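Taking it in order: structure first as structure tokens, then the write-up.
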Amino acid sequence: MATDSRIVDIFKRLGDETPPPIRLSRLLESPVQGYFSFVVQKGDRGTVARILELLGDASVNLRFISEHPGGNGEVRIQLCCDAEAQQTVVEIFQRAEFARAIREFRHVDAVVILSLYPFSGQPQVAGRVFAILRKRHIEILSANTATSVFSLIVSLGDLASVIASLKQVFIWQ
Amino acid sequence: MIGAPFDIFPLKITTSQALLAFVGQPVGDHASRILFGYLHHHGITITCLVEGPGGGEHRTLLLVISEGALHEAERELQALRTAIEAKALMIEKPVAVIRILGPHFDIRPGIAGMLYGRLEKAGIEVLVNSTTGTTSLLVVHETQLEKTRRELTAIFRLPKSR
């Protein structure tokens, strides 16, 4: 009963569904990237280090890396490389030494990293991005934050829809 | 591949943090509005955020907030998890967030491999890595903070040691 009343209270606190737009200083688009995501078990984290070392040896530049725990002792990784390097990345992932450890491998060959500035930890910035894009059934492949920036990865084919959607809830130059 | 140590700006370390992992969250705007609306309403700032695939059609959302904010919100967290229909909520605390900011990191291959390899060999468990462009945020247990700091100062060159 106490939980139900708190849930109702949370819903009531959602506030206006169409608040005024938030002003951003800028929104940057990366060059076209290749996106890769995969899962390893915690005990196989050395595999991730090995893959990244091989990518470095092959001079593959990574503009985006996210790593986070999943359930059941999983570690989930997402990364982006410049589009021209993605075949090299694919070949590294296909090496026999990684076949056992890597699961749920996914490759999307044309994505863009969008970076919203400024982000100083304001939940409403993150909330608006997720809410507007998911309301319009636009897939966010991955998202993360760094110093002063909120970044998300979307497919190149969705880019125009993403920008149009973000313009509903943000203003930028 | 890697020659002289890379120069970085001073490490920025934020301690007394808590990592919240909402695992197995369905994709939907409603969950996002509830969770981030709650955080905004309570004035809770996000130190680090990572969101990604969670298996099947589900997603995983990780937030790092201050331990103080977690203490204030802890009684409502299970209700929040239920409201956003996440399968599980994992909490790790205390954790520290380490910011590594390096000029031109986004055009220098091999840094991630060097960093991961070194931390892995040192037995450091990186709970979350959030890297975009020139900045990495690493989340580690506070018990591993000093060890992590030592490894990072061995990999990178900080301004005062030049």
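We did not get these values from a lab; they are worked out from the coordinates using the rules stated. The model shown is predicted, which means the values in this text are computed figures rather than measured ones. A quick note on method: Cβ atoms are made from the backbone with ideal geometry, for glycine too, and the neighbour counts reach across all protein chains shown.
So here's what we get for this one:
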| quantity | calculated |
| --- | --- |
| Three-way shape label, chain A, alpha-carbon gyration tensor, a/c 1.5 | oblate |
| Chain B - mean residue ellipticity at 222 nm from DSSP helices (-39,500 (n - 2.57) per run, n ≥ 4, rounded to 500) | -10500 deg cm²/dmol |
| Under Karplus coefficients 6.51, -1.76 and 1.60, residue-wise ³J(HN,Hα) of region A:165-172 in Hz, glycine/proline x | 5, 5, 5, 6, 10, 9, 10, 8 |
| Relative contact order (%) - criterion: Cα under 8 Å, at least six apart; region: region B:34-102 | 28 |
| Per-residue Cβ neighbour rank within 10 angstrom, fewest leading, A:Cys80, B:Cys48 | B:Cys48, A:Cys80 |
| Residues A:Glu97 and B:Lys12, FRET efficiency given R0 of 41 Å [Cβ-Cβ distance, rounded to 0.05] | 0.70 |
| Inter-chain Cβ neighbour average for residues A:38-50, partner chain, 10 Å | 3 |
| Cβ-based exposure ranking for B:Lys147, B:Lys160, in which fewest neighbours within 10 Å come first | B:Lys160, B:Lys147 |
| Length-normalised contact order for region A:34-109 - Cα pairs under 8 Å, 6+ apart - percent | 50 |
| Other protein chain Cβ atoms within 10 Å, averaged over every residue that makes up A:77-88 | 1 |
| Percent RCO, i.e. relative contact order, over chain B, from Cα pairs under 8 Å lying at least 6 residues apart | 33 |
| Gaussian network model of chain B, springs between alpha carbon atoms under 10 Å - residue of B:Pro94, B:Pro109, B:Pro26 with greatest fluctuation | B:Pro109 |
| The protein assembly as shown: Cα Rg divided by the 2.2 N^0.38 Å rule of thumb | 0.96 |
| CD proxy at 222 nm, helix term only [per DSSP H run n ≥ 4: -39500 (n - 2.57); per residue of chain A; nearest 500] | -10000 deg cm²/dmol |
